[in-house]
Amino acid sequence: MTLAVTAAVLLAAVLHSVWNALAKAIPDRLASSTMIALAYLASGLVGAAVFGVPPQQSWPYVVASAALQSCYLILLTTSYKHGDFAQVYPLARGLAVLLVAGVATTFLAEKLSFWQLAGVAVVAGSLLSLALTKHGATASAGRNRKGTFFAVLTGAAIAAYTVVDGVGVRVSGQPMAYVSWLFLLQGMVIPLICWRMASESRSFPQRVARYWKPGFIGGLVSMLAYGIVVWAQSLAPLAVVSALRETSVLLAGVIGAVFFNEKFSRLRLGLTAIAVAGIAAIQLG
């Protein structure tokens, strides 16, 4: 894996943290997701016009990924209803890293060096450790169990669409066309799902319009971040790309401390340092 690809994926991780911070600033999660998806739709239309249609053999992957990412949205929203953010998000993301590594090495015959395997394990361990902090233990036992259950399902969904996109973009041979149509489909499906999930569907368009600017900007940043990831998956092992991308969870802590006055604990600082060591091991591999 070249230094340029590593740097690009780490940039995607930073962008992922930025758009999550923008989404976090919007109190209405469904409205936020809808506006982000509408940005996907607009960008996908432009990308489809510029880059054309991906090869026919890649379409099953495009459709499957759009469906999986729509399921991911539903699962993530449900997870937040039953668990705390500090517990759900790192658990889902850390589990996804391990699942992608397992599938890629077992079924896709991807070969990782010792240092790459060690780096992936270190990054995944850092993320999972965040879910075991006292922040994740403050809720009731029943809430924790439900939150954990849906977080595991969310992690499985993340791993599934990551693997599907990794294989699909290689089959297509046209990363930009592939990701353009992927976002175009998501941009059509996700707003409908959010509207159906909204408690007051009649007032939902007004709720979306209220947060259109941060939501649309967040969507553009999100699209750029995942576009870089899909491009990187066409060139590098899926497990390595997944591990580097999910360091965004730790970077989000830095953004939270700087812009949202959230506490950046010594534990998070230590886990971030450990994750950096994991990144270095991946690059050495």
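The values are calculated or read from the model by the stated rules, or taken from the named source; none is laboratory data. From a predicted model like this one, the values you see are computed outputs, not experimental measurements. Because the Cβ atoms are built from the backbone with ideal geometry, glycine has one as well, and the counts that use them run over all protein chains shown. Accessible surface is based on the protein model in full, side chains and every heavy atom, while ligands, DNA and RNA are left aside. Shrake-Rupley method; radii C 1.70, N 1.55, O 1.52, S 1.80 Å.
Numbers for the structure displayed
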item: By average C-beta atoms within 10 angstrom, highest first, the peptides 68-76, 175-183; result: 175-183, 68-76
item: Fraction of accessible area attributable to carbon and sulfur, the stretch 138-255 (%, probe 1.4 Å); result: 69
item: Residue of V171, V258, V123 that the Gaussian network model of the chain assigns the largest fluctuation, springs spanning Cα pairs under 10 Å; result: V258
item: Close Lys-Lys pairs in the chain, where close means Cα under 20 Å and separation is 8 or more or interchain; result: 7
item: Percent carbon-and-sulfur accessible area, the stretch 1-116, ignoring ligands, DNA and RNA, probe 1.4 Å; result: 74
item: By accessible area with a 1.4 Å probe, ligands and nucleic acids excluded, highest first: order of K111, K213; result: K111, K213
item: Isotropically averaged projected area of the stretch 1-139, using the convex hull of Cα atoms (one quarter of hull area), nm²; result: 10.8
item: The chain - mean residue ellipticity at 222 nm from DSSP helices (-39,500 (n - 2.57) per run, n ≥ 4, rounded to 500); result: -27500 deg cm²/dmol
item: With 10 Å bins from 0: P(r) over the chain, alpha-carbon pairs, percent; result: 7, 29, 38, 22, 4, 0
item: Residue-normalised accessible area of the chain, given per residue in Å² at a 1.4 Å probe; result: 45
